[in-house]
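The values are calculated or read from the model by the stated rules, or taken from the named source; none is laboratory data. In this text the structure is predicted, and so the values were computed from the model without any measurement. Virtual Cβ from ideal backbone geometry, glycine too; neighbours counted across all protein chains shown.
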Amino acid sequence: MPDILQILILIVKIVALTFCVVLPLVPISVYFERRFCAVIQDRVGPNRTGIPLTLLGFKKDFHFFGLIQPVADGVKLFLKEDFTPSYVRKAFYWMAPALTVAPALITVCVIPFGSPISIFGSEQKLVIADLDIGPLFVFAISSLTVYGITLAGWSSNSKFSLIGGVRSTAQMISYEICLGLSIIPVLLYYGDLNLSKIVQNQADNGWLLLPLWKGGHLGLPDLQTALFLIPAFIAFLIFTISIFAETNRMPFDLPECETELVGGYHTEYSSMKFALFFMGEYAAMVIGSALIVTLFLGGWSVGFGMDKWINDLHIGSFQFGGLIHLMAFLVKLIVFILFFILVRWTVPRFRYDQLMKLGWVIFFEAALVNVFLAALIIAAPQLTAAIIGGGAVLLIAVTAAVIWVAMVSEAKPKIRRA
Amino acid sequence: MAVVKLQRPKLNAGEKIYFGAILKGFFITMSHAVRSLLGKTTGAKDLASSGLGVTMQFPEQRWDNQLPEYYRGAPTLVIDEQGRERCVSCQLCEFICPPKAIRITPSEIPTDDKWAKVEKRPIEFDIDMIRCIYCGMCEEVCPEQAIFLRKDYLVTGHTRAEMVHDKKKLYEIGGIRTGLVNKWNELK
């Protein structure tokens with residue numbers, strides 16, 4: 001009997017967190033994207049689509065700032081003709097959209113959405129699968145998205161799609177390394193791969209990028225934590241930019257690069273299949289932001305020592321603090337999604353060789369050096385001054401060597417003229 | 001032609017990192033966004049817009065007072081200050097009309113009418129607003145100054161039949177227009 005209860009609770013969690021929290025974020029971020037880019041460009045954006053109450057005999061329509069627009073978009077895409085060109089490889093062509101959406105939604109399961117809720121004394125974590133390999137699982141699954149994109153590009157049997165797919169593969173390989181290397185300092189710092197525990201740690205001892213409290217008391221961080229802000233910030237920067245590349249968002253949206261490749265890998269897709277690609281892109285963005293928020297910005301924690309107090313809130317035996325934390329998490333998530341959108345409408349697209357150079361020559365090395373720097377800072381209390389000094393000198397030498405190599409690799413060969 | 005060799009501008013270290021430029025870009029885009037959200041978009045005043053963007057929110061905000069003097073809206077028929085319908089159904093507008101939107105059925109004015117000396121008036125005067133291209137040729141060609149393009153631009157209807165403006169509708173939109181033609185007035 002308890003087993004069935006466990007399974008039921010799991011199903012409730014999956015439905016609630018995936019289909020009631022993450023999936024609605026996709027249309028909401030589409031709406032935000034359209035309105036935000038509109039105000040950036042001095043336009044209005046969709047502000048009319050609402051509930052047509054006048055059709056039901058009421059006096060006024062209910063616009064609500066056009067929030068129903070994504071629903072209308074979805075209905076439109078659903079009703080469009082689902083056209084499959086005759087020259088495509090049908091099996092892969094049909095499989096590809098699903099392959100881009102599914103991984104993005106699977107990764108939801110390790111994200112901690114809030115602190116545990118307890119009802120009648122039984123504690124429930126607001127995470128679907130409390131895996132001990134959180135970030136690794138996310139990387140392993142989310143890099144499967146590239147199969148969808150590549151297959152879409154190849155099976156479409158069109159040159160634009162193919163170039164888009166190939167670009168996507170190359171981009172994914174280049175940035176996966178930076179992505180993995182950049183969070184090693186974070187994992188070293190927490191000594192744990194379980195995202196729930198990482199967030200709990202941040203709630204107790206200060207967010208990684210805002211360590212202003214310890215053990216529930218406000219106060220300036222000690223020297224080691226303060227010094228660790230440097231590698232933490234570098235890691236944050238590299239991780240965020242790599243997530244941009246990973247999700248094919250604007251400064252790195254070369255796979256679908258409209259100006260060069262028509263529509264990139266989804267040129268030949270229409271109707272719901274296109275909508276799935278679209279959804280996959282936005283779902284990846286949501287998950288990416290969720291991961292950044294979880295690792296660097298305290299996840300669900302409200303911060304400033306208030307989490308303990310929120311955790312203890314209860315009505316009878318129902319401790320609802322987790323729901324407040326869920327709201328805090330969603331607010332952080334939406335703010336980060338807005339940042340994604342701001343970047344998209346500010347930074348122009350990188351050229352392909354610039355993208356590759358940024359990934360391999362700059363971020364790869366920077367992430368590697370950052371790992372050593374973080375390790376040195378973390379290990380410092382156990383080491384003697386001589387070893388720390390030697391390590392620092394070695395680190396500076398390695399950094400200088402890396403910068404030198406990067407500059408040499410950039411030097412253009414002399415053009416010989418006849 | 002002499003060959004001009006252009007040198008790419010040398011970038012300093014800060015420009016090469018381009019991080020500052022990206023931050024500057026954020027400030028520019030955010031300032032536009034904030035100004036739009038405050039209802040003070042650049043150029044909103046000149047374009048008489050809603051302030052949220054340079055767009056005018058149409059049904060709530062109308063551009064009627066922004067229309068220029070020469071604006072060509074729906075063609076209409078007018079009566080003069082003495083209540084006489086000006087059209088004498090000469091059919092010049094019907095013949096000049098490029099899309100053939102105008103159809104006139106002429107008739108004679110009975111001898112016991114006050115304006116019997118005018119001799120003719122239209123018994124039916126239809127302008128098909130689906131065909132009309134608002135070129136203003138009818139206004140230009142009319143010898144009696146009877147047809148004018150007014151500033152009405154909201155010509156809508158649910159059916160094709162609704163979109164045909166008949167004589168009654170045309171006079172209703174057109175109204176009275178004084179002066180211009182004096183030949184039918186009584187001699188003093």
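Per-residue answers, yes or no, for (1) within 30 Å of A:Phe329 (Cβ to Cβ); (2) crowded, with 21+ Cβ neighbours inside 10 Å; (3) of a type in the set (Phe, Trp, Tyr):
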{"site": "A:Phe137", "(1), (2), (3)": "yes, no, yes"}
{"site": "A:Leu151", "(1), (2), (3)": "no, yes, no"}
{"site": "A:Pro185", "(1), (2), (3)": "yes, yes, no"}
{"site": "A:Asp192", "(1), (2), (3)": "yes, no, no"}
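Residues are listed down the side, and each one gets a yes or a no for (1) surrounded by 16 or more Cβ atoms within 10 Å (Cβ to Cβ); (2) at pLDDT below 85; (3) within 14 Å of chain B (Cβ to nearest Cβ):
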position: A:Ile315; (1), (2), (3): no, yes, no
position: A:Leu333; (1), (2), (3): yes, no, no
position: A:Val343; (1), (2), (3): yes, no, yes
position: A:Gln354; (1), (2), (3): no, yes, yes
position: A:Phe363; (1), (2), (3): yes, no, yes
position: A:Ala374; (1), (2), (3): yes, no, no
position: A:Met407; (1), (2), (3): no, yes, yes
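In the stretch B:49-71, is there at least one residue being within 19 Å of the chain's Cα centre (by Cα), in a loop (DSSP other than H, G, I, E, B) and over 30 Å from A:Gln41 (Cα atoms)? Yes - at least one qualifying residue is present in the stretch B:49-71.
Screening the stretch A:42-63 for residues that are in contact with a Ser or Thr (Cβ under 9 Å, 6 or more places away or on another chain) and either closer than 28 Å to A:Ser271 by Cα or crowded, with 18+ Cβ neighbours inside 10 Å (or both) and picking the one that is farthest from the other protein chains (Cβ to nearest Cβ) gives A:His63.
The set of residues from the stretch A:20-41 being within 14 Å of another protein chain (Cβ to nearest Cβ) and either aromatic (Phe, Trp, Tyr) or without any contact (Cβ under 8 Å) to a residue 12 or more places away in the chain (or both) comprises A:Phe32, A:Phe36, A:Ala38, A:Val39.
Residues checked against (1) surrounded by fewer than 20 Cβ atoms within 10 Å (Cβ to Cβ); (2) not in a helix (DSSP H, G or I):
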position: A:Met172; (1), (2): no, no
position: A:Tyr175; (1), (2): no, no
position: A:Leu181; (1), (2): no, no
position: A:Lys197; (1), (2): yes, no
position: A:Ala203; (1), (2): no, no
position: A:Pro221; (1), (2): yes, yes
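Going by what's in this entry, would A:Ser115 be described as within 30 Å of A:Val12 (Cβ to Cβ) and either part of a loop (DSSP other than H, G, I, E, B) or touching a Cys at 6+ places or on another chain (Cβ under 6 Å) (or both)? Explain how you work it out, then say what you get.
Working: within 30 Å of A:Val12 (Cβ to Cβ): yes; either part of a loop (DSSP other than H, G, I, E, B) or touching a Cys at 6+ places or on another chain (Cβ under 6 Å) (or both): yes.
Criteria met by A:Ser115.
Among the residues of the stretch A:29-47, are any more than 30 Å from B:Ala48 (Cα to Cα) and not assigned by TED's automatic domain parsing to the domain that holds A:Leu342? Before you say what the answer is, go through the steps one by one.
Step one: list which residues in the stretch A:29-47 are more than 30 Å from B:Ala48 (Cα to Cα), which gives A:29.
Next, only the ones that are not assigned by TED's automatic domain parsing to the domain that holds A:Leu342 stay: A:29.
The answer is yes, given that some residue of the stretch A:29-47 is more than 30 Å from B:Ala48 (Cα to Cα) and not assigned by TED's automatic domain parsing to the domain that holds A:Leu342.
Criterion applied to B:Lys117, B:Lys168 was being at pLDDT below 85, surrounded by fewer than 15 Cβ atoms within 10 Å (Cβ to Cβ) and farther than 23 Å from B:Asp64 by Cα, and the one residue passing it is B:Lys117.
Remark: pairs (first residue in the stretch B:19-38, under 25 Å from A:Ile362 (Cβ atoms) and among the aromatic types (Phe, Trp, Tyr); second residue at pLDDT 85 or above and surrounded by 14 or more Cβ atoms within 10 Å (Cβ to Cβ); Cβ separation under 9 Å; 6+ apart in sequence or on different chains) = B:Phe26/A:Leu342; B:Phe26/A:Val343; B:Phe26/A:Thr346; B:Phe26/A:Val347.
If the requirement is being outside the structural domain of A:Arg35 (by TED's automatic domain parsing) and either closer than 20 Å to A:Ala232 by Cβ or without any contact (Cβ under 8 Å) to a residue 12 or more places away in the chain (or both), which of these qualifies: A:Ala406, A:Ala375?
Working: A:Ala406 fails: either closer than 20 Å to A:Ala232 by Cβ or without any contact (Cβ under 8 Å) to a residue 12 or more places away in the chain (or both).
Selected residue: A:Ala375, the only one of A:Ala406, A:Ala375 that is outside the structural domain of A:Arg35 (by TED's automatic domain parsing) and either closer than 20 Å to A:Ala232 by Cβ or without any contact (Cβ under 8 Å) to a residue 12 or more places away in the chain (or both).
If I filter the stretch B:82-94 for residues that are under 22 Å from the mean Cα position of the chain (by Cα) and either closer than 25 Å to B:Gly136 by Cβ or more than 14 Å from chain A (Cβ to nearest Cβ) (or both), do I get at least one hit? Yes, the stretch B:82-94 contains at least one residue that is under 22 Å from the mean Cα position of the chain (by Cα) and either closer than 25 Å to B:Gly136 by Cβ or more than 14 Å from chain A (Cβ to nearest Cβ) (or both).
Does at least one position in the stretch B:96-106 carry a residue that is within 28 Å of B:Asp64 (Cα to Cα) and assigned to a helix (DSSP H, G or I)? No, every residue in the stretch B:96-106 fails to be within 28 Å of B:Asp64 (Cα to Cα) and assigned to a helix (DSSP H, G or I). Of B:Ala33, B:Ala21, all but one fail to be within 12 Å of chain A (Cβ to nearest Cβ), touching a helix residue (DSSP H, G or I) at 6+ places or on another chain (Cβ under 6 Å) and not β-branched (Val, Ile, Thr); the exception is B:Ala33.
Can you tell which of A:Val88, A:Val75, A:Val71 is under 26 Å from A:Asn248 (Cα atoms), surrounded by fewer than 18 Cβ atoms within 10 Å (Cβ to Cβ) and either acidic (Asp, Glu) or over 25 Å from the mean Cα position of the chain (by Cα) (or both)?
Numbers: A:Val88 fails: surrounded by fewer than 18 Cβ atoms within 10 Å (Cβ to Cβ); A:Val71 fails: either acidic (Asp, Glu) or over 25 Å from the mean Cα position of the chain (by Cα) (or both).
It is A:Val75.
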